[in-house]
1. If Val208 meets every condition in (1) in a helix (DSSP H, G or I); (2) more than 22 Å from the chain's Cα centre (by Cα); (3) over 22 Å from Leu3 (Cβ atoms) apart from one, which number is that one?
2. Looking at Cys186, is it open to solvent by less than 50 Å² (accessible area, probe 1.4 Å) and assigned to a helix (DSSP H, G or I)?
3. Within the stretch 113-138, which residues are closer than 14 Å to Met100 by Cα and open to solvent by 70 Å² or more (accessible area, probe 1.4 Å)?
4. When you go through (1) surrounded by 13 or more Cβ atoms within 10 Å (Cβ to Cβ); (2) under 18 Å from Cys132 (Cβ atoms); (3) at pLDDT 75 or above one by one for Ala74, which number turns out not to apply?
5. Restricting attention to the stretch 118-142, which residues are of a type in the set (S, T, N, Q) and either touching a Leu at 6+ places or on another chain (Cβ under 7 Å) or within 17 Å of Gly66 (Cβ to Cβ) (or both)?
6. With respect to the numbered conditions (1) over 22 Å from Leu3 (Cα atoms); (2) surrounded by 14 or more Cβ atoms within 10 Å (Cβ to Cβ), which one is the sole condition not fulfilled by Gln144?
7. When the stretch 140-173 is examined, which residues are found to be assigned to a helix (DSSP H, G or I), over 21 Å from the mean Cα position of the chain (by Cα) and in contact (Cβ under 8 Å) with a residue 12 or more places away in the chain?
Amino acid sequence: AILLLYALTPLYWQAFKRWPAASTLGTFVLSGILCAVFIWTFTVLYPGYFHGYMLFIARIPVFYLGFFIGYCHAHDLPHSLPARRWTAAGMALAFVLGFMALQSGLNHYSWKELRLWGVLFYPYLLMTPGFCVGIGWILSKLPQAIGRSLAWLGGFTLEAYLLIAVIYTYKAEFIRFAGGNASLGCLLMVLATLTAAWLLHHAVSLAVTWL
């Protein structure tokens, strides 16, 4: 389902360039409507039925929220230092509230109920911006060699993201190959994913250049 978001991204980008805030808000509204329809369908029409498409619905606003954060970064928004401090404080507060909401849900309801209602995912709307900005600030304080290494890995993380679901299905085989050592098996799985992602990245780049 995530591939559908990627396929629609060029169309969304055309609208986002003209109306960044409205386009971002629109994805939140659309996701909210889909979530309400989903919950009503599988709690009223078909109670007790579980469907994995809630994960896709919950990813819509998070996926496109990245556009708006990138837009703010590229345009150095907000401009003033007091506004930046208020923004940072708001992100930190949103992170705490999102974490508390998620933890409260986990303490009172089953994992299946939370996933069905979307509560297992929507707190990340509050947590993700602050988390990304916080991680970015931490990474900016690291030595440049580490930053360059992470930037190199970041060049093919999209491919790794798309491949991990496939490679993960062979987790048992990796652990068996590692002599039953689960930690070593998982490490080998990560290395295999990164290697495959790097190869895929360069294969696609060559194909695009050739075309």
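The values are calculated or read from the model by the stated rules, or taken from the named source; none is laboratory data. Computed from a predicted structure; not experimentally measured. Ideal geometry is used to build each Cβ from the backbone, glycine not excepted, and the neighbour counts take in all protein chains shown. When the accessible area is computed, the model is the full protein with side chains, heavy atoms only, and any ligands, DNA or RNA have been set aside. Shrake-Rupley method; radii C 1.70, N 1.55, O 1.52, S 1.80 Å.
1. Result: Val208 passes all but (3).
2. On the way: open to solvent by less than 50 Å² (accessible area, probe 1.4 Å): yes; assigned to a helix (DSSP H, G or I): yes.
The answer is yes for Cys186.
3. Listed by number, the residues that qualify are Tyr124, Leu126.
4. Looking at each condition in turn, Ala74 falls short on (1).
5. Taking the stretch 118-142 first, the residues of a type in the set (S, T, N, Q) are 128, 140.
Listed by number, the list holds a single entry, Thr128.
6. (2)
7. Across the stretch 140-173, the qualifying residue is only Lys171.
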